[in-house]
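To start, the structure itself, in structure tokens.
The values are calculated or read from the model by the stated rules, or taken from the named source; none is laboratory data. Predicted model only: the values in this text are computed from it and were never measured. Glycine gets a Cβ as well: all are built from the backbone with ideal geometry, and neighbour counts include every protein chain shown. Only protein heavy atoms, including side chains, enter the accessible area calculation; ligands, DNA and RNA are left aside. Shrake-Rupley method; radii C 1.70, N 1.55, O 1.52, S 1.80 Å.
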Amino acid sequence: MPTLFSRILSGEIPGEIVFENEKVFAIRDINPVAPTHILIIPKTEIVGLSSLPAEGDHLAILNAAKEIAEQEGLTDGFRLVINDGADAGQTVPHLHAHLIGGRALGWPPG
Ligand code: 5GP
């Protein structure tokens, strides 16, 4: 059974795909916490960071983040967050990084 994010990629579930290459794709979060809130998702269905294989295309997530931040005009900065597991509040079991920006962000997170 494909994950929620894979179903968005295939077009089965609606979602605005803002970036795509052979390794990753990116969609706008349905419940944004900042003016820019984009999820960067590897096309390979990895559950989360704690089950990341030793080898793979993970660098593609960081490269996509840099490119999307430029695309979104986030010249004053942005944040990249990966929630893993229950304590971090991960709700979708398909690895994804949140690219958040467009306003000043507080630290530490809640
Ligand atoms: P997590 O809590 O797992 O780190 O992040 C999952 C994110 O997916 C949440 O920020 C949530 O708003 C977003 N999300 C959940 N369902 C959908 C959906 O159907 N479409 C989009 N675009 N985002 C979703």
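Heads up, I need the accessible area for R79: 1.4 angstrom probe, whole protein in place, Å², nearest 10.
60 Å²
Using helices alone, what [θ] at 222 nm do you get for the chain, with -39,500 (n - 2.57) per DSSP H run of 4 or more residues, divided over all residues and rounded to the nearest 500? If you can, show how the numbers build up before the last one.
Numbers: 3 runs with 23 residues, N = 110.
Here the helix-only value at 222 nm equals -5500 deg cm²/dmol.
Report the local net charge at R103: Lys and Arg +1, Asp and Glu -1, summed over other residues whose C-beta lies under 11 Å from its C-beta.
With Lys, Arg at +1 and Asp, Glu at -1, the net is 0.
Order D29, D76, most accessible first, counting only protein heavy atoms with a 1.4 angstrom probe.
Values: D29 30, D76 155 Å².
Highest to lowest solvent-accessible surface, that is D76, D29.
Karplus couplings for the stretch 20-26 from phi (6.51 cos²θ - 1.76 cosθ + 1.60, θ = phi - 60°), rounded to Hz, Gly and Pro as x?
Computed from phi, the couplings for the stretch 20-26 are 7, 9, 5, 9, 9, 9, 9 Hz.
How long, wide and thick is the chain, going by the Cα atoms along their three principal axes, in whole angstroms, largest first?
Each principal axis gives a Cα extent; for the chain these are 38, 29, 27 Å.
Once both labels are modelled 7 Å past Cα along the beta-carbon direction, what's the K23-V47 spacing in nm?
So the label points at K23 and V47 sit 2.4 nm apart.
Taking the Cα centre of the chain as the origin, how large is its charge dipole in debye, to the nearest 20, when only Lys and Arg (+1) and Asp and Glu (-1) carry charge on their Cβ atoms? Before the final figure, lay out the partial values.
Values: 7 positive and 14 negative charges, 40 e Å.
Result for the chain is approximately 200 debye, rounded to the nearest 20.
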